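Quick notes on the structure that follows.
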Amino acid sequence: MNPLYLVESTPGAVRPLTDALYDVDFAAEDLHGYTVGLAQSLPERMAAWSLLFREYQSKGLATESEDGLWLTPHDLLPDTTTYAVYFDGRLRSTLTAVTDGEMWLPCEDVFGEEISTLRADGRRITEVISLASSITSPRLGHLALLALFRLMFLRARYMLARTDMVIAVHPRHVDFYRKKLLFMQISGARAFDKVNGAPAVLMHLDLEMVPARYFECFGGAPRSTFVQMVQPNRRQNALLQWLLAQHRPHSAESACDFFAFGLQKQLYRKNPWLADFYKKFYPMLPAELIDHGALGLAA
């Protein structure tokens with residue numbers, strides 16, 4: 001991480017998850033007790049996967065699952081980060097950021113040409129996946145989404161040196177991402193098997209241009225989207241310090257818990273080759289532990 005982003009930070013800026021981060025740029029009273037942070041332990045991640053499955057199933061995007069969890073092969077990669085909004089100890093909103101690298105990006109099955117074009121230009125991509133919320137208030141839901149995207153933007157741009165962000169969304173959500181977050185649509189609508197064949201389009205955001213574009217479009221008023229999302233200041237530096245201190249990537253230990261619970265079985269049903277991939281990725285773990293759930297599923 002570039003230390004220049006931290007030079008203005010005040011001592012004690014790193015705060016525990018239980019401290020609402022909304023006092024950084026959001027008025028705490030506007031959030032009625034909601035807090036935002038990272039889902040990092042296996043129980044926290046499982047809560048996110050459970051919320052995703054319930055919300056997606058209610059919208060016809062997920063079929064029955066004996067585990068009741070929405071998982072992707074990327075959820076076990078070290079740089080994959082799950083962000084979460086909590087209320088009264090319960091997870092209410094979540095999204096996950098996947099970094100281009102060890103495995104193809106989730107959207108490439110449908111939007112491979114668009115991703116290849118970005119890579120050919122030397123772009124470093126983060127994909128937003130697994131977005132769901134059970135917050136019923138439109139205003140609070142909007143604030144929660146901005147808070148999640150802010151943490152994700154800060155980590156992607158300043159900690160991982162990503163240049164681009166992409167997200168596959170239903171066509172009816174295009175206007176929101178275009179007007180509120182300045183994403184651009186770079187594909188037509190295509191059937192997305194991951195969500196029961198529902199239509200999706202690919203949206204793109206140039207992270208290097210975000211501060212300038214946000215200021216041009218939203219201005220610098222205290223409650224503007226520019227200030228809430230990306231304004232470089234002491235408060236943003238405090239968030240960067242907090243992210244740096246709090247983020248715990250998947251390790252062999254946390255991966256071991258994942259495999260010991262047998263959560264990989266759901267992934268292996270559609271992707272039996274994953275067992276060999278994870279064995280190469282986590283060579284310190286017993287092969288039989290990773291293989292658990294893959295028996296009889298080889299193509």
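Below, the figures for the structure above:
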| read-out | value |
| --- | --- |
| Solvent-accessible surface ranking, highest first, for Trp273, Trp70, Trp104, Trp242 at 1.4 angstrom | Trp273, Trp104, Trp70, Trp242 |
| Those lysines that a straight Cα-Cα span of less than 20 Å connects to Lys265, excepting residues fewer than 8 apart in one chain | Lys194, Lys279, Lys280 |
| Cα-projected label distance for Ala198 with Ala245, points at 7 Å along beta-carbon direction, nm | 3.8 nm |
| Where Asp175, Asp291 fall by accessible area, highest first, once all protein chains stay in place (1.4 Å) | Asp175, Asp291 |
| Length gained when the stretch Ser41-Ser116 is fully extended (0.36 nm per residue, less Cα-Cα span) | 23.7 nm |
| Whether region 127-274 is rounded, prolate or oblate, judged on the alpha carbon gyration tensor where a/c under 1.5 counts as rounded | oblate |
| Where Phe261, Phe281, Phe215 fall by accessible area, highest first, once all protein chains stay in place (1.4 Å) | Phe261, Phe215, Phe281 |
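The values are calculated or read from the model by the stated rules, or taken from the named source; none is laboratory data. Predicted model only: the values in this text are computed from it and were never measured. Methodologically, a virtual Cβ is constructed for each residue, glycine included, from the backbone with ideal geometry; neighbour enumeration extends over all protein chains shown. Side chains are part of the model used for accessible areas, which takes the heavy atoms of the whole protein and leaves out ligands, DNA and RNA. Shrake-Rupley method; radii C 1.70, N 1.55, O 1.52, S 1.80 Å.
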